[in-house]
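The values are calculated or read from the model by the stated rules, or taken from the named source; none is laboratory data. Note that this is a predicted model, so its numbers are computed, not measured. Here Cβ is always computed from backbone atoms with ideal geometry, including for glycine, and neighbour counts include all displayed protein chains. Accessible surface is based on the protein model in full, side chains and every heavy atom, while ligands, DNA and RNA are left aside. Shrake-Rupley method; radii C 1.70, N 1.55, O 1.52, S 1.80 Å.
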Amino acid sequence: MIKRPRRIRGNEHIRRMVRETRMDKSSLIYPLFVIDGENIEEEIPTMPGQFRYSVDRLPYELERLSKAGVSNLMLFGIPAVKDAVGSQAYAEDGIVQRALREGKKQFPDLYYITDVCMCEYTSHGHCGVLCGHDVENDQTLELLSKTALSHVQAGADMVAPSDMMDGRVLAIRNKLDENGFKETPIMSYAVKYASAFYGPFRDAAGSAPAFGDRKSYQMDPHNRKEGLKEALLDVEEGADIIMVKPALSYLDIISDVSREINLPVAAYSVSGEYAMAKAAAKLGYMEEDRVICEMAVSTYRAGAEIYLTYFAKELAKFMDEGRIG
Ligand code: PBG
């Protein structure tokens, strides 16, 4: 026997030398919920260990992130009032806009990305304006563009539309360009499936649709080629980064997209993936730390360069300790 694969697995030194997947803290993005009100730091019941912060409490969490070496965050807003057209999404004193101003003032070195969508702001919980029971694509584009612009005006470094309306990347690009923000990048949630793994998030944000589901705009999990179609369209519309979401059940899609397009690929390990790992660990069914690492490694190995995860702080620590990376 001259070929012995075990030769390069014999000890930790050589195992680390021959690693094919390398990760770095600079590629982590931490999703964070900000809520209207004061002095609020409330744990999200379906996502133990994750909290909703009012703007006055946000800096404490930003400090923890910063100390952990996680320098990128994605902001989600939970407004006090919702209405049919989600007007708090693009209000100058909206929750995300205020969080951005406060965050930027106190922690200017962090990189602020905002989720651009309507579902947290509409009374019906859909990701756009309604016409009857349907989400009206083209009218929604104007509201999304206004939202993105107001985020950037309040200090966002990057915007990330997650609504899955057709043409929204181009609409946002045009709006930002017309207003002098030519250099602000767009990370598109380009390949976003209609997934049950968003369940805990919808609890966290109070954004579950009041009727029906999101299947007329988010993608059917059976489809693979359609993922590439969505990614390529957003490339043409001027997206700077393409995201695939969720991560763990969609590694084939991450792999396809990263092979076929020449933009950085991000993958979002969503709330349900987090909740699943947490719940199993709590029951003693799996080792939490190792599961967190394996979920991350598999996502990078599939081709993601950027990883959005509620475990960002834990992963940063594991990277510092050399357990992964
Ligand atoms: C907003 C949005 C959602 C998520 C990110 N942006 C919810 C949804 O589409 O229903 C999900 C994130 C997660 O589950 O962690 N549209």
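Worth a mention:
- Sparsely packed loop sites in segment 90-197 (the chymotrypsin sites (Phe, Trp or Tyr not before Pro) outside DSSP H, G, I, E and B with at most 13 other Cβ atoms within 10 Å) do not occur.
- Take the chain with all the other protein chains still there, run a 1.4 Å probe, and you get 45 Å² of accessible area per residue.
- Equivalent ellipsoid, the chain (semi-axes from 5 times Cα gyration tensor eigenvalues, Å): 32, 23, 19
- Note on segment 258-325: Kirkwood radius taken over Cα pairs, Stokes-Einstein applied at 37 °C and 0.692 mPa s, translational D equal to 258 µm² s⁻¹.
- Fraction of antiparallel bridges per DSSP, segment 71-171 only, in percent to nearest 5: 20
- Within the straight-line cut-off of under 24 Å between alpha carbons, the lysines reachable from Lys67 are Lys25, Lys104, Lys105, Lys278, Lys313, Lys317, sequence neighbours fewer than 8 places apart in one chain being disregarded.
- Rounded to the nearest 20 debye, the dipole magnitude of the chain is 1740 debye, with +1 charges on Lys and Arg beta carbons, -1 on Asp and Glu beta carbons, and the Cα centre as origin.
- Rounded percent of accessible protein surface that carbon and sulfur make up, the chain, 1.4 Å probe: 50
- Of all aspartates and glutamates in the structure, the ones whose alpha carbon falls short of 13 Å from that of Lys192, not counting any fewer than 8 places away in one chain, are Asp163, Asp166, Asp220, Glu226, Glu230, Asp234.
- DSSP-defined beta bridges in the chain - what % are antiparallel, rounded to 5: 15
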